[in-house]
Amino acid sequence: MTDPRRDLPSVDQLLGDPAVAALLAVAPRDTVVGAVRRVLQAARRRRTARPIDWAEAILEEVHRTGQRTLRPVINATGVVLHTNLGRAPLAAAAVEAVAAVASGYSTLEYDLSTGARGLRTDHARRLLGELTGAEGALVVNNAAGALVLALNALAEGRRVLISRGELIEIGGSFRIPEIISRSGCLLHEVGTTNRTHLSDYAEALEGAAAILTVHRSNFTQAGFVASPGPAEIAALARSKGIPYIHDVGSGLLADLTPWGLAGEPRVMDAVADGADLVIFSGDKLLGGPQAGCVVGREEPVAACARSPLARAFRADKLTLAALEATLHLYRDPERAAREIPVLAMLTVSQEELAERAGRIAALLPAALAPRLEAGDSAVGGGSFPDAALATTLVRLSPGRIGAAGFALRLRLGEPPVIVRVADDQILLDPRTIAAADESPLIGALTTALSA
């Protein structure tokens, strides 16, 4: 039997095709030749004779490789802090601040009053102190880096006490024991997985350099469990003259309890409880860019800033611009709840969600059989893991192509749309669909139906 791959055209033959030759007039030759070779290689791997139209396949490959890989998508899943989709969308004020700094020169490390070199660590420092009640503040590029920096600066080569129940794994398979080890510190576990008492810390204090607590943000413990409060741990550490580091995770500054969201520690409460350093993320419940924030007493914060690792973990100008603009919004809590997208999505009323769902459903093609039903959204990002936010879903029946095939069409469309799939149906959650995305969403669904 003849192998159909023997009949495949050569690269030169395909480059001589009139349609491909026309493509060479508008695209770089290397780009077109690379596309031709990849299309041929795909045909060989599939053991198929050839595409129906070689020129069309090459054109699609050129288009695919010419697109940016980091692209905007419409999040219709209802997961507010969707880690795979970039977590927190920025507020309009933060986007404007980033654009202003990115398009020209800035005062990143320049003091306008003296005309001399300034410090990038000054940006957002005052606002973080004002909003959290901390004496000092430092911003680095992410929270894991902030934890490594703090441990290395305050306890390198010495023991750090941590409850066994807090030796958790965070996103991307990063584990707290490994982070402690990489920071140059010695891990000392106290207590048990489910119960740790203040006496467990006290008995291990001799020769210890610091106490670390890590908020279990991505899971909860229930039943026969116990752990001392942060204020108790802070007092114990202070009595022995060693620092207490509290990693609160999500960077919550707002009070979300009126919306039934409780259990996440607020940054200002951790500072008030007496932690020497409080560490948190900028791109979770704070609603800003990816950043690691360190706030607390002036001396340990300054020690972190002096560390050689501070340069390795330092934040860039775009991060600092976005974070500073986001923090400015928090000075007016009502404005923050209205303009910071994460807070707006978490606090939107059920009535408004039902109205949005009805509006979307009314504009969809009848062939998708749109119907409304009650459902739940998720906070995501390892925050409020047990919270179920009531919402109104739009359920769609994609027909013979099936939900998986229809979801694939939506992901590969323009703009890409990410949806939920359940029981071979498509689910849209209006909680994470911005008003400006409703029209493009309708267009993407209509196009996917007719593709």
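Structure notes:
- Taken over segment 177-193, the criterion of being modelled with pLDDT of 90 or more and under 28 Å from Gly380 (Cβ atoms) is satisfied by Pro177, Glu178, Ile179, Ile180, Arg182, Ser183.
- Pairing each residue of segment 357-377 that is touching a residue at least 60 places away in the same chain (Cβ under 8 Å) and assigned by TED's automatic domain parsing to the domain that holds Pro398 with any residue that is surrounded by fewer than 20 Cβ atoms within 10 Å (Cβ to Cβ) and not in a helix (DSSP H, G or I), provided the two are 6+ apart or on different chains, yields C-beta distances under 6 Å for Ala357/Leu372; Asp376/Ala388.
- Which numbered condition Thr326 misses (of (1) at pLDDT below 95; (2) surrounded by 18 or more Cβ atoms within 10 Å (Cβ to Cβ); (3) of a type in the set (S, T, N, Q); (4) out of contact with any Ser or Thr (no Cβ under 7 Å at 6 or more places or on another chain)): (1)
- Filter result (part of a loop (DSSP other than H, G, I, E, B) and either under 18 Å from Leu343 (Cβ atoms) or not small (Gly, Ala, Ser) (or both)) within segment 78-111: Gly78, His82, Gly86, Arg87, Ala88, Pro89, Leu90, Ala91, Tyr105, Thr107, Leu108, Glu109
Condition check ((1) of a type in the set (S, T, N, Q); (2) farther than 18 Å from Tyr330 by Cβ; (3) in contact with a Gly (Cβ under 9 Å, 6 or more places away or on another chain); (4) crowded, with 23+ Cβ neighbours inside 10 Å) across all residues:
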| position | (1), (2), (3), (4) |
| --- | --- |
| Val95 | no, no, no, no |
| Gly115 | no, yes, no, no |
| Gly118 | no, yes, no, no |
| Ala137 | no, no, yes, yes |
| Val140 | no, yes, yes, yes |
| Leu147 | no, yes, yes, yes |
| Glu156 | no, yes, yes, no |
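- Candidate set from segment 409-451 (those that are of a type in the set (Asp, Glu) and surrounded by fewer than 14 Cβ atoms within 10 Å (Cβ to Cβ)); member that is nearest to Ala374 (Cα to Cα): Asp423
- Selection within segment 96-137 - without any contact (Cβ under 8 Å) to a residue 60 or more places away in the chain and within 23 Å of the chain's Cα centre (by Cα): Ala99, Arg125
- Segment 49-77, subset free of Cβ contacts under 8 Å to residues at least 12 places away in the same chain and outside any helix (DSSP H, G or I), residue surrounded by the most Cβ atoms within 10 Å (Cβ to Cβ): Asp53
- In segment 249-268, residue surrounded by the most Cβ atoms within 10 Å (Cβ to Cβ) [restricted to those that are touching a Phe, Trp or Tyr at 6+ places or on another chain (Cβ under 7 Å) and modelled with pLDDT of 95 or more]: Val267
The values are calculated or read from the model by the stated rules, or taken from the named source; none is laboratory data. Note that the structure is predicted; figures quoted are calculated from it, not measured. Counting neighbours? That spans all protein chains shown, and the Cβs are built from the backbone with ideal geometry, glycine included.
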